[in-house]
Amino acid sequence: MTGQPYAVRISAPAAKVLDTLPEHAEDTAWDVLDAAAADPWGFRQFNTDDPEGKDVRHATVGQLSLTYWVNRPLRRLSVLTITWLG
């Protein structure tokens with residue numbers, strides 16, 4: 001991808017989870033979001049059976065999972081959920 005990275009917006013429910021994460025998990029979440037902002041389609045599609053859902057992505061690293069939606073016109077990633085299994 002060329003150009004500026006996508007801006008990241010975090011939903012209220014996802015922000016609540018982010019606030020409760022241990023420091024190392026929060027750091028990992030931000031690292032994942034940085035990678036996603038640079039290449040929004042670098043993580044797998046959330047539901048591969050949905051041909052219209054190609055902009056909803058799911059990033060998993062270890063015990064951390066994030067689901068985000070790529071808003072192409074506004075060049076934003078909207079974080080829908082954050083799950084920490086730790």
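Across every pair of non-identical alpha carbons in the chain, the mean reciprocal distance, once inverted, gives a Kirkwood radius of 13.0 Å. Each of 25, 38, 64 was scored by the projection of its Cα onto the charge dipole of the chain, and the greatest displacement toward the positive side belongs to 38; charges sit on the C-beta of Lys, Arg, Asp and Glu.
Shown for the chain: the carbon plus sulfur share of the solvent-accessible area, taken with all protein chains present and a 1.4 angstrom probe, equals 53%. Simple spin-label estimate for residue 34 and residue 83 gives 2.6 nm between the two label positions (7 Å along the Cα-to-Cβ direction from each Cα).
Counted residue by residue at 0.36 nm each, then reduced by the alpha carbon distance between them, the extension gain from residue 41 to residue 54 reaches 3.8 nm. Dipole magnitude for the chain: computed about the Cα centre from +1 point charges on Lys and Arg Cβ and -1 point charges on Asp and Glu Cβ, it is near 320 debye.
In this simple spin-label model, placing a label point 7 Å from the Cα along the Cα-to-Cβ direction at both residue 15 and residue 63 gives a separation of 2.6 nm.
The values are calculated or read from the model by the stated rules, or taken from the named source; none is laboratory data. Keep in mind that what you see is a predicted model, and the values were worked out from it rather than measured. So basically every Cβ, Gly included, is an ideal-geometry build from the backbone, and we count neighbours across all protein chains shown. Quick note on the areas: whole protein, heavy atoms, side chains included, nothing else; ligands and nucleic acids left out. Shrake-Rupley method; radii C 1.70, N 1.55, O 1.52, S 1.80 Å.
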